[in-house]
Each structure stands twice: as structure tokens, then as C-alpha cells.
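Engineer: Here it is, the structure, as C-alpha cells.
Read-outs throughout are calculated quantities, based only on the coordinates presented, and are distinct from any laboratory measurement. Since this is a predicted model, take the numbers as computed values, not measurements. Note: ideal-geometry Cβ built from the backbone for every residue, glycine included; neighbour counts use all protein chains shown.
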Amino acid sequence: MIEVGIIMGSKSDLPVMQEAAVMLREFGIEFEMTVVSAHRTPERMFDYGREAHKRGLKVIIAGAGGAAHLPGMMASITPLPVIGVPIKSSNSIDGWDSILSILQMPGGIPVATVALNGAKNAGILAASIIGAANPLILDKLIAYKESLKNKVLETAIEMEKNN
């Protein structure tokens, strides 16, 4: 069953947004990925947001560059948690326009926002949300974090050997 929707404003966002897909695959979470433009296909955006929970989705990851309205607009029309990924695009003001457009949401319309081009973390956050109610995913998250710790410890040991 598909639990996460990964949407983006245009195909040019795909290289960044694929990182969320990589993480979801690692945790064994099924997802769908598509283009939904807040500005060029608003009807598609409204349909997607209003129907997502009815189709079984539990989380939406929305990436956008420039004015980056997609995550906030999606959050305004869906009852699901939305994770916003600001993307540094070709028309971006060094990414700040995207960051602020997603981060500065009005009270009542939350969007969990990750770092600029931070789709990897968006995938991990989506897994954490799902893992709160799914022990299998939770166990995979625990193992993933343990592997991060082990990598750091291995690096520390290697560096200390070379001193």
C-alpha cells in the first residue's frame, strides 16, 4: 500500500526529490512520485491534496523552488502531515525564497520544513511519522540511526589510529 506521496513543482526538481525516494525504499515504505505544480496545474494540486488521505497516503513530501507555494498550499487542503523541501532552482534567490516561502507558514497551516535540497531528511522524517504507528518501520529507523552512530565511531577510531 502506498503511504507517502512525493510531489514536486516541476521535473527539474527530480534530482533533489529522488533522495526522499531512496530513503523510503531503504525503510521499505511504498510511495508514489509525481509533478504537481501549484501555479501551472492548480486543479491537479487541489485534487491531489483533497484525495490523498482517501487513497491511503499518510504523509506528503512536497518539494518546490522559487516562490515554493506547493508545500503550503498542499498543507492548506489536506489533513495529512506535509513535509516541505525547499529547492534551490535556476530562478531562485540563492534558495532563500524557497526556504522562507515554506518555513513562514501562517498559524494553523503547519509545514514541517527540512533544509535546502534536504529531501533525504524529508524521507527519513516521513518514515519517522509512519514508524510512530508501525513497529516494523520503527525497528528499521532504530537500526538506521545505530548505523549512523557506528559510522561515526569507526571514523573516530580510524582518525585516532593515524594521530
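Engineer: Normalise the Debye intensity by I(0) for the chain, one equal point scatterer per Cα, no solvent, then take log10 at q = 0.19 Å⁻¹ and round to two decimals.
Structural biologist: -1.11
Engineer: With θ taken as phi - 60° and the coefficients 6.51, -1.76 and 1.60, list the Karplus ³J(HN,Hα) couplings across region 53-63 in order, rounded to whole Hz; mark glycine and proline as x.
Structural biologist: 3J(HN,Hα) across region 53-63, in whole Hz: 5, 5, 8, x, 5, 10, 8, 10, 9, 10, x.
Engineer: Oh, and also: Compute the acute angle (0 to 90°) between the alpha-carbon long axis of helix 135-161 and the principal axis of greatest extent of the alpha-carbon atoms of the chain; round to the nearest 10°.
Structural biologist: Roughly 50 degrees between the two axes.
Engineer: A further question follows. Output the 0 to 90 degree angle, nearest 10, between the alpha-carbon long axis of helix 42-51 and the longest principal axis computed from the alpha carbons of the chain.
Structural biologist: 60
Engineer: Still on this model: For ALA143 and GLU30, what does the FRET efficiency come to when R0 = 30 Å and r is the distance between their Cβ atoms, rounded to the nearest 0.05?
Structural biologist: For R0 = 30 Å, the calculated efficiency reads 0.95.
Engineer: Also, quick follow-up: Would you mind checking region 100-119 for residues with the amide N under 19 Å from a putative spin-label position 7 Å along Cα→C-beta of ILE93?
Structural biologist: In region 100-119, the label zone of ILE93 (backbone N under 19 Å from the point 7 Å along Cα→Cβ) covers 100-106, 116-117.
Engineer: How would you rank SER76, SER12, going from fewest to most other Cβ atoms within 10 Å of each one's own Cβ?
Structural biologist: SER12, SER76
Engineer: Next up: Compute a Gaussian network model of the chain, connecting alpha carbons closer than 10 Å, and tell me which residue from LYS120, LYS151, LYS140 fluctuates the most.
Structural biologist: Highest fluctuation among the options: LYS151.
Engineer: Let me ask something else about it. Given points 7 Å out from each Cα along the Cα-Cβ axis, report the ILE109 to MET1 separation in nanometres with one decimal.
Structural biologist: Here the answer is 3.0 nm between the modelled labels.
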